[in-house]
């Protein structure tokens, strides 16, 4: 055995490589350890034994093909020679932490640890590498990548720490090892659950979405006429929702964690079409998700996200002409959820950050469509017009200064008292459903005149109006439509709490047939 075997404290450590680190996290999850420093040779034996059972079962072929192309895991065949070949491969690769070093690796150092290399690997053992014998991209002009045994064993656990997602491998890697490990634990449990269904013959197939599968959809191999390893859908929605869940389940806090971010890798190492897509969840997005999950905003945020799940779809085959088959997508009876479908709320939240900066136009649209729920000319869910969630969004996403937020809230509160006290339902409707800035000004001017004439007092002052509609702060001057929407959110919330709202107030006049124009 090589020198590292007796150096338990150096057996494995985080490397900064997403593929290797997710593999290490998967091994930790499989044996119940919290850091790679805790892993022993016995732990690697345990993980390797579980992988050997799964990978050579023939049940994960559709998944492993996109991860370890042309490896022994996915080679067909039966008989004594094939059994012996698989045993040798398992001994050399899955149990690499105990195998003797290959002669071809002599003199090389592991690129991940700096330890003496024991193996030279290609895309059969690590996705996204080139084929065996290809000289490109490797140190010293070799035809493979040098690696030490424990890291090769950990790398084989990569599929366990990820998900099969739309025919590819999906993994999540964070600059916080705590988050990398937490997500890997969740996906190890998912894969164990799916393997148990596969091995017992209980996987649904061509039926499409099925209640048997909690966090994925069924897949069908038409050529072999049998169920394939299930597929998770909508990678970005899945990982974002999973992050929220593991954060709550583990009781994690931002204290001591710094400003973690997550990069999602969605890849295939298939020779027919290798691909790589990356989705970045920046630290400020994660911070918003964490704060939105705190007690004062959690019920509203979870209800909002819950409504965002689309219904899963499935293929329906019908006859179109003589002998011709037509396939179309139809809604499933199964409810949507992580891995089953896309979440519109999380997708729209994600789009605010996807350009590498905070897109304020997209953020304003998010508030308008999801928090205010201004759809088809009416406020559909007045209970979701929640100021606490809105204020959090303004502070964390827009970066709005607290004084500006307080000014808008105070202005809206004064209007709400006026609407309730004077039964001024017309003012409410004119403000909430106005299509032009002039309509908002006219409505406020009329209410100001009426208040002065009837009660000899002002509804608001000039400075207050300017601070709400015309002032600039760290995000500049807000366009009138967003300011109006923020006032509307607070108005609806306060009048709803006072029991003042009714169906008539939340529906536009019949002569206002068009949906309110989104402010640009």
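Name the residues in region 57-112 that are part of a helix (DSSP H, G or I) and under 30 Å from the mean Cα position of the chain (by Cα), would you?
Scanning region 57-112 gives 61, 62, 63, 64, 73, 74.
What's the total number of residues in region 258-269 that are surrounded by fewer than 16 Cβ atoms within 10 Å (Cβ to Cβ) and in contact (Cβ under 8 Å) with a residue 40 or more places away in the chain?
Result for region 258-269: 1.
(1) modelled with pLDDT of 90 or more; (2) out of contact with any strand residue (DSSP E or B) (no Cβ under 9 Å at 6 or more places or on another chain): which one isn't true of residue 353, the others all being true?
Failing condition for residue 353: (2).
Listed here are the residues, each with its yes/no results for (1) closer than 30 Å to residue 212 by Cβ; (2) at pLDDT 90 or above.
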position: 279; (1), (2): yes, yes
position: 283; (1), (2): no, yes
position: 293; (1), (2): yes, yes
position: 314; (1), (2): yes, no
position: 362; (1), (2): no, yes
position: 377; (1), (2): no, no
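Residues that are without any contact (Cβ under 8 Å) to a residue 24 or more places away in the chain, in the same structural domain as residue 394 (by TED's automatic domain parsing) and either in a loop (DSSP other than H, G, I, E, B) or out of contact with any strand residue (DSSP E or B) (no Cβ under 7 Å at 6 or more places or on another chain) (or both): does region 490-498 have at least one?
Yes.
Which residues, counting only those in region 59-87, are surrounded by 11 or more Cβ atoms within 10 Å (Cβ to Cβ) and without any contact (Cβ under 8 Å) to a residue 60 or more places away in the chain?
71, 72, 73, 74, 75, 82, 83, 85, 86, 87
Hey, does region 213-222 have a residue that's more than 25 Å from residue 69 (Cβ to Cβ) and in contact with a helix residue (DSSP H, G or I) (Cβ under 7 Å, 6 or more places away or on another chain)?
yes
Of the residues 169, 155, 181, which single one is in the same structural domain as residue 65 (by TED's automatic domain parsing) and at pLDDT 95 or above?
Going through 169, 155, 181 in turn, the sole match is 155.
Can you tell me which of (1) surrounded by fewer than 24 Cβ atoms within 10 Å (Cβ to Cβ); (2) closer than 28 Å to residue 109 by Cα; (3) in contact with a strand residue (DSSP E or B) (Cβ under 7 Å, 6 or more places away or on another chain) is the one residue 176 doesn't meet?
(3)
Go through region 201-236 and report how many residues are more than 24 Å from the chain's Cα centre (by Cα), surrounded by 21 or more Cβ atoms within 10 Å (Cβ to Cβ) and assigned to a loop (DSSP other than H, G, I, E, B).
Final tally of qualifying residues: 1.
Whether any residue in region 237-250 is touching a residue at least 24 places away in the same chain (Cβ under 8 Å) and outside any helix (DSSP H, G or I) is what I want to check.
Taking every residue of region 237-250 in turn, none turns out to be touching a residue at least 24 places away in the same chain (Cβ under 8 Å) and outside any helix (DSSP H, G or I).
The values are calculated or read from the model by the stated rules, or taken from the named source; none is laboratory data. From a predicted model like this one, the values you see are computed outputs, not experimental measurements. Neighbour counts are summed over all protein chains in view; Cβ atoms, including those assigned to glycine, are modelled from backbone coordinates with ideal geometry.
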